[in-house]
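To keep things clear, I will list the structure first and then write my remarks on it.
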Amino acid sequence: MLKVFGFVRRNAALTHDEYRAAHVGYHNSYGRRLNNIRGYVLNVRANASIAATLGPLAGAVTRGEPPGFDDLWDGWGQLVFDSLDHYLSAKTPARDKPGPNGLEEDPRVAAVGGDGPWLYSGSPFQFMVVEHVAIPVRRPERKIFKLVQFAKRRGDLPEELFRSYVCGRYAVQLQRLAGLRGLIINFRTGTDVMHRFFEPGAEAFTADGKAVRDRFYGTWDAITEFWFDHPQQFVAARGAAAGLEVLETELFAAVYYREVDETVAVNPNRAPAPAFFFR
Amino acid sequence: MYKVFAFLKRNSKLTHNEYRAAHVGYHCGTSRRLKGIRGYTVNVWANAPLGPQLGDLGPTIIRNEPSGFLDWWDGFPSVLFDSPAAWVQAREGEPTRAMEGGLKIDPDWTYGHGMYVFDGIPERPGEFRSHHLRMIEHIVMPVERPEYKLTKLVLFFKRRETLSEAVFERRVLKDYAAALASLPGLSGCLLNFRDPDPDAAFRGYFADNGWWNSAEGHSMRRQFCSQFDGAAELFFDSVDAFVSARRSAPLHALLCGLEAELFSANWYVEVDENIIVMPNRNPAPAFYYR
């Protein structure tokens, strides 16, 4: 499957909570209709700080967090498609609009609602990830605690070894955290998923747009998604997990966490696509 | 929570698969923004008939299925709200769209297309026939959804008339549901009794002069409701997993015995469940959340 993350900064006219409503509400209502989309999750940064949520543990597990990190994003979407071709052709009119003569095409889907200029500040930072599903997530019928770890590779560790060690020794230790409902590790790739997806004149392709994106990319190399029922489970499990800090020192130049509120706009379906419209 | 099933028949201009796209795609882009909605799935009957997949198990677990049951509907949304008041107020506009000047109520948000997705009524422009039924839910086994499409089977059942409603509900919950929950491979089981008041979900949500309150509306709803008194939602990895689980003795004999004792009719419909708003049964957060 092709998994793409798009980090966004809210428009200056919106508060963080107003941005939530606009992204989760109107924008997701179009995004979920993108042609051939197989999964769509939106993560909005939680209102409470990670220090408030994790307590003293937050300081103990954080190293080298870049200043002003939260100024670079308010949320990010996670899109899943079967292929790069499907992703690049997703923003086309969707034939799902009912009319007096049957089904019609809706051109608004091609623009994902057309609200980008008022929802965002600048273009999304959009990139493909390769994922390691260490524990497949199973979502209950209640809001669960999603924690995200941002990790930067140590400069003296080659990229392939970094990925191998993180997916190997490190993931095995993380999998043992009591109460874990799901664990997915994502590595950013250099595959171009912005050209042919955004308009050529988009802010992303200006010098300033590239500079701010590169600054963001310079702060981390891997994003790990953790799902628990509640934060106390992570605090207890991580506090009891001897050896993780040693491994993190060996692997990461920086490591820090954020809680996000997850909206499942399209529950990812990793099985083959049905032969009919399905979300 | 306040739960409503809305059985809906497709517009005659649409095939079943086109109806899927119109309902799950365009329509849900509107309805997922209903104010205060706490959970929302759309269940569309599967294209392949279930009978052949059940094999020789079928005749032992299906009794007196009403003929033409699937002619009444193509899909049914299941929606969750915090209260009857929240349900009635669901179509009040709230700001969910970023526009020039900030967050606004979406001026394009409308239900006007409903008559083209569902069974529109030419003499009542903008309206469509529906069977919105309030369901009284019991969580037999909490549902957990993986990141792949689950098989969802809906067991419709009708109370044996010799049992009072109170005895029937008690026995179904105490005996039958407990046996169902022990089916191996089950990923969730929700048991729903239809509110004896067939108008409960219409009143206040639709205008009093709407089709639901017409002679035809009352008559059709009476007929539709006469077919079942409740429905259980069962989640498995596959139909084969259900068949294998349901065959297992002595559970099979226990369930068959209870079905004969409690139900005058019981049958299954496989549905493709589209998750529009992942149900959140925890208290609502203090911010916009779906």
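Of the residues B:S219, B:S264, B:S226, B:S238, which is exposed (fewer than 15 other Cβ atoms within 10 Å of the Cβ), within 19 Å of B:N64 (Cα to Cα) and of a type in the set (S, T, Y)?
Matching residue, one of B:S219, B:S264, B:S226, B:S238: B:S226.
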Meets criteria (farther than 27 Å from A:V193 by Cα and assigned to a helix (DSSP H, G or I)) for A:A52: yes
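From the residues in the range B:262-279 that are facing chain A (nearest Cβ under 9 Å) and in contact with a helix residue (DSSP H, G or I) (Cβ under 7 Å, 6 or more places away or on another chain), which one is nearest to B:P146 (Cα to Cα)?
Of all residues in the range B:262-279, those facing chain A (nearest Cβ under 9 Å) come to B:272, B:274-279.
Keeping just the survivors that are in contact with a helix residue (DSSP H, G or I) (Cβ under 7 Å, 6 or more places away or on another chain) gives B:274, B:276.
Details: B:N274: 13, B:I276: 15 Å.
By that ranking, first place goes to B:N274.
Can you spot a residue in the range A:217-235 that is of a type in the set (G, A, S) and over 19 Å from the mean Cα position of the chain (by Cα)?
The answer is no; no qualifying residue exists.
It is to be established whether one or more residues within the range B:139-156 are of a type in the set (D, E, K, R), farther than 30 Å from A:W227 by Cβ and in contact with a Leu (Cβ under 9 Å, 6 or more places away or on another chain). Break it down stepwise before answering.
Keep residues of the range B:139-156 that are of a type in the set (D, E, K, R), which gives B:144-145, B:147, B:149, B:152.
Adding the requirement that they be farther than 30 Å from A:W227 by Cβ leaves none.
No; the residues of the range B:139-156 include none that is of a type in the set (D, E, K, R), farther than 30 Å from A:W227 by Cβ and in contact with a Leu (Cβ under 9 Å, 6 or more places away or on another chain).
For the range B:1-54: of the residues being polar (S, T, N, Q) and part of a helix (DSSP H, G or I), which is nearest to A:A110 (Cα to Cα)? I'd like the intermediate steps shown before the answer.
At the first step, the residues of the range B:1-54 found to be polar (S, T, N, Q) are B:11-12, B:15, B:17, B:30-31, B:41, B:43, B:47, B:53.
Cutting the leftovers down to part of a helix (DSSP H, G or I) gives us B:17, B:30-31, B:53.
Numbers: B:N17: 22, B:T30: 17, B:S31: 20, B:Q53: 39 Å.
So the residue we want is B:T30.
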Hits in the range B:87-115 (condition: farther than 18 Å from B:Y289 by Cβ, touching a Leu at 6+ places or on another chain (Cβ under 8 Å) and more than 7 Å from chain A (Cβ to nearest Cβ)): B:R91
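Could you go through the range B:49-56 and let me know if any residue there is among the charged types (D, E, K, R) and without any contact (Cβ under 8 Å) to a residue 60 or more places away in the chain. It would help to see each step written out before you state the result.
First, pick out the residues of the range B:49-56 that are among the charged types (D, E, K, R): B:56.
Within this subset, residues satisfying the condition of being without any contact (Cβ under 8 Å) to a residue 60 or more places away in the chain are B:56.
Within the range B:49-56, one or more residues are among the charged types (D, E, K, R) and without any contact (Cβ under 8 Å) to a residue 60 or more places away in the chain.
Does B:N282 fit the bill of being within 14 Å of chain A (Cβ to nearest Cβ) and loosely packed, with under 15 Cβ neighbours inside 10 Å? First the steps, then the outcome.
Values: within 14 Å of chain A (Cβ to nearest Cβ): yes; loosely packed, with under 15 Cβ neighbours inside 10 Å: yes.
So B:N282 fits the description; yes.
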Pair list, Cβ < 6 Å and 6+ apart or interchain, from the range A:1-17 residues that are at the interface with another protein chain (Cβ under 9 Å from one of its Cβ atoms) and crowded, with 20+ Cβ neighbours inside 10 Å to residues that are assigned to a loop (DSSP other than H, G, I, E, B) and at pLDDT 95 or above: A:R10/A:D74; A:N11/A:S121
Any strands (runs of 3 or more DSSP E) falling wholly within the range A:67-113 and containing at least 2 residues that are touching a residue at least 60 places away in the same chain (Cβ under 8 Å): A:75-81, A:94-99
Answer residue from the range A:141-166, given it is within 14 Å of chain B (Cβ to nearest Cβ) and touching a Lys or Arg at 6+ places or on another chain (Cβ under 8 Å) and is surrounded by the fewest Cβ atoms within 10 Å (Cβ to Cβ) among those: A:R142
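Quick check on A:V129: is it at negative phi and either touching a helix residue (DSSP H, G or I) at 6+ places or on another chain (Cβ under 8 Å) or modelled with pLDDT under 95 (or both)? Outline the logic, then answer.
Working: at negative phi: yes; either touching a helix residue (DSSP H, G or I) at 6+ places or on another chain (Cβ under 8 Å) or modelled with pLDDT under 95 (or both): no.
So A:V129 does not fit the description; no.
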Any hit, the range A:119-139, residues being assigned to a helix (DSSP H, G or I), within 14 Å of chain B (Cβ to nearest Cβ) and touching a residue at least 60 places away in the same chain (Cβ under 8 Å): yes
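In the range B:138-173, what count of residues is obtained for those that are more than 14 Å from chain A (Cβ to nearest Cβ), outside any strand (DSSP E or B) and buried (at least 20 other Cβ atoms within 10 Å of the Cβ)?
So in the range B:138-173, the residues more than 14 Å from chain A (Cβ to nearest Cβ) come out as B:153-173.
From what is left, the residues that are outside any strand (DSSP E or B) are B:160-173.
Narrowing further to those that are buried (at least 20 other Cβ atoms within 10 Å of the Cβ): B:168, B:172.
Number of matching residues: 2.
If I ask for residues that are buried (at least 17 other Cβ atoms within 10 Å of the Cβ) and out of contact with any His (no Cβ under 8 Å at 6 or more places or on another chain), which ones from the range A:167-177 would you list?
Let us first name the residues in the range A:167-177 that are buried (at least 17 other Cβ atoms within 10 Å of the Cβ), namely A:167, A:170-171, A:174, A:177.
Within the range A:167-177, A:Y170, A:L174, A:L177 qualify.
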Residue that is surrounded by the fewest Cβ atoms within 10 Å (Cβ to Cβ), among those in the range B:241-261 that are over 28 Å from B:P146 (Cβ atoms) and of a type in the set (A, V, I, L, M, F, W, C): B:A249
Matching residues, the range B:12-29, being facing another protein chain (nearest Cβ under 7 Å), surrounded by fewer than 20 Cβ atoms within 10 Å (Cβ to Cβ) and of a type outside the set (D, E, K, R): B:N17
Lone unmet requirement of (1) closer than 20 Å to B:D272 by Cβ; (2) more than 8 Å from chain A (Cβ to nearest Cβ) for B:G36: (1)
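The values are calculated or read from the model by the stated rules, or taken from the named source; none is laboratory data. The shown structure was predicted, so the numbers you read here are calculated from the model rather than taken from an experiment. Virtual Cβ from ideal backbone geometry, glycine too; neighbours counted across all protein chains shown.
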